[in-house]
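Here is the structure we will look at, set down as structure tokens.
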Amino acid sequence: MNEDKGSLPGRSILIIGAGGHAKVVADILLCSGLVVMGFVDDNPAIWGEQRLGLPVLGAIDTYASYEAGGLVMGIGDNENRMQVVERLGQPAGKLWRQAIHPRAILAASVVVGRGVVVVAGAVVNPDTVLGDHVIVNTGATIDHDCEIGDYAHIAPGVHISGGVHVGTAALIGVGASVAPGRSIGVRAIVGAGAAVVHDLPDGVTAKGVPARYQR
């Protein structure tokens, strides 16, 4: 597994976003014994508020002024997460950190990209690759030899079998399951509770058991 020490020595972490997922990220970091500076968010109505006792400091584009030792993405929506990372660009690139809950289980051979968030109770098995800014949410399981593309979101309670490929920015909804060796396309959406037994092309929304989609 790629090692990520969280923040630079003596420097605290700043969370991008201040919604519900950002609170989950903050909890992961705090449970990991890391120092969290607070949140930045583009909603001025919440500036000065607190989340888990941590302040919402200001707009996202002000992040550099806080001289944080690391950034962690706290935005759950795939498209918004991707847009913010692209907006912040190369200057933020070296600051992105992982947030992996101490009660998640990752095999030693798992490859973990920049900015990945893995929540409590998740299990990721050997030789799986998690791309940049992937979310593996509460209690999700990903079996061996899977490839999870950049910005994909594996929602709570999802079960992904071995050898599955999940495309960039795909969303696998709460409680869904994916059969061995299946491929899920770029920006595809798998509905809550669906069972994927056939490959899904790019951009479709699939629902049901077995999961079906309309072109």
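The values are calculated or read from the model by the stated rules, or taken from the named source; none is laboratory data. Keep in mind the model is a prediction, meaning the values are calculated, not measured. Backbone-built Cβ (ideal geometry, glycine too); neighbour counts: all protein chains shown. The protein model used for the area step is the full one, side chains on, heavy atoms only, and it has no ligands, DNA or RNA in it. Shrake-Rupley method; radii C 1.70, N 1.55, O 1.52, S 1.80 Å.
Remarks
- Percent antiparallel among DSSP beta bridges (both partners in the chain, rounded to 5): 5
- Unit charges on C-beta of K, R, D, E only; dipole of the chain, Debye: 260
- Ranking ALA122, LEU57, HIS101 by how far each Cα lies toward the positive end of the dipole of the range 46-149 (charges on Cβ) leaves LEU57 at the top.
- Springs join every pair of Cα atoms under 10 Å in this Gaussian network model of the chain, and among ILE60, ILE13, ILE135 the largest mean-square fluctuation is at ILE60.
- A Förster distance of 30 Å, applied to the separation of the beta-carbon atoms of ASP127 and ALA192, puts the FRET efficiency at 0.60.
- Centroid-to-centroid separation of the range 65-101 and the range 106-139 [C-alpha atoms, Å]: 17
- Around the amide H of LEU200, modelled in the peptide plane, lie the amide H atoms of SER183, ILE184, GLY185, all under 5 Å away and 5 or more residues distant in sequence or on another chain.
- Separation in nanometres of the label points that stand 7 Å from Cα toward Cβ, at GLU67 and SER32: 2.3
- For the peptides 141-154, 23-36, residues were scored by their other Cβ atoms within 10 Å and the scores averaged per peptide; the highest-first order is 141-154, 23-36.
- GNM on the chain, alpha-carbon springs under 10 angstrom: the most fluctuating residue among ARG87, ARG182, ARG114 is ARG87.
- Degrees separating the helix 20-31 axis from the principal Cα axis of the chain, which is the longest one: 70
- Of all DSSP-defined beta bridges confined to the range 1-113, some 15% are antiparallel rather than parallel.
- Carbon and sulfur %, accessible surface of the range 93-146 computed with the full protein complex present, 1.4 Å: 57
- Whole-Hz couplings from phi, Karplus 6.51/-1.76/1.60, listed for the range 93-110; x for Gly and Pro: x, 6, 9, 5, 10, 7, 10, 10, 5, x, 9, 8, 10, 10, 4, 4, 8, 5
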